[in-house]
Amino acid sequence: NMSVTIRFIFISEPERPVVTITLPGNRLFREAFVMASKEQGKDPSNLTCTYPGGTPLQGSTVEEVASRSATVHVIDPAIVG
């Protein structure tokens, strides 16, 4: 299966850190999200992902999510000002 790269932008953080995760396209998006969250030292269960602009994610695999946008915004509802 082809590898797919997704850029997670942690927009709730002041520096808006970007974590890039590459996984086979058939892997669950959730896995990539958990990996990105852990890299930032965050608990993924407290975080929300959307496409840029706030559009809800579509699909469950890395490939399905990235087919609309390879960039995903990660929001921490506890931090949002």
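Just so it is clear, none of the values below were taken in a lab; they were calculated from the coordinates. Small disclaimer: the values here were computed from a predicted structure and weren't measured. Every residue, glycine as well, gets a Cβ built from its backbone with ideal geometry; the counts of neighbours run over all protein chains shown.
Just to be sure I understand the model, the point goes 7 Å from the Cα along the line to the Cβ. What's the resulting residue 22 to residue 51 distance in nm?
2.4 nm
Please work out how much length the chain gains when fully extended from residue 1 to residue 78, using 0.36 nm per residue of separation minus the C-alpha to C-alpha distance, in nm with one decimal. Before the final figure, lay out each step's value.
Details: separation 77, 0.36 × 77 = 27.72 nm, distance 3.67 nm.
Extra length available between residue 1 and residue 78 comes to 24.0 nm.
Can you compute the label reach from residue 13? Point 7 Å from Cα along the Cβ direction, backbone N cut-off under 20 Å, restricted to the stretch 51-70.
Within reach of a label on residue 13: 51-54, 70.
Does anyone have the angle between helix 29-39 and the longest principal axis of the chain? Alpha-carbon axes, 0 to 90°, nearest 10?
So the helix axis and the longest Cα principal axis differ by about 40 degrees.
May I ask you to order 10-16, 68-74, 50-56 by the average number of other C-beta atoms within 10 Å around their residues, highest value first? Please report the intermediate quantities before stating the final value.
Details: 10-16: 13.1, 68-74: 17.6, 50-56: 10.9.
Top to bottom by mean Cβ count within 10 Å: 68-74, 10-16, 50-56.
Explain nothing, just the number: dipole magnitude of the chain about its Cα centre with +1 on each Lys and Arg Cβ and -1 on each Asp and Glu Cβ, in debye rounded to the nearest 20.
Numbers: 7 positive and 8 negative charges, 22 e Å.
The dipole magnitude comes to about 100 debye.
Based on DSSP H runs of at least 4 residues, each adding -39500 (n - 2.57), what is the mean residue ellipticity at 222 nm of the chain after dividing by all its residues, to the nearest 500 deg cm²/dmol?
Working: 2 runs with 16 residues, N = 81.
Using -39500 (n - 2.57) per qualifying helix, the result is -5500 deg cm²/dmol.
With the cut-off at 1.5 for a/c, could you classify the stretch 18-81 from its C-alpha gyration tensor as rounded, prolate or oblate? Working shown, then result.
Values: a/c = 2.02, a/b = 1.30, b/c = 1.55.
Cα axes put the stretch 18-81 in the oblate bin.
Place +1 on the Cβ of every Lys and Arg and -1 on the Cβ of every Asp and Glu in the chain, take the dipole about the Cα centre, and give the residue among 65, 34, 77 whose Cα lies farthest towards its positive end.
Among 65, 34, 77, the one farthest towards the positive end of the dipole of the chain is 65.
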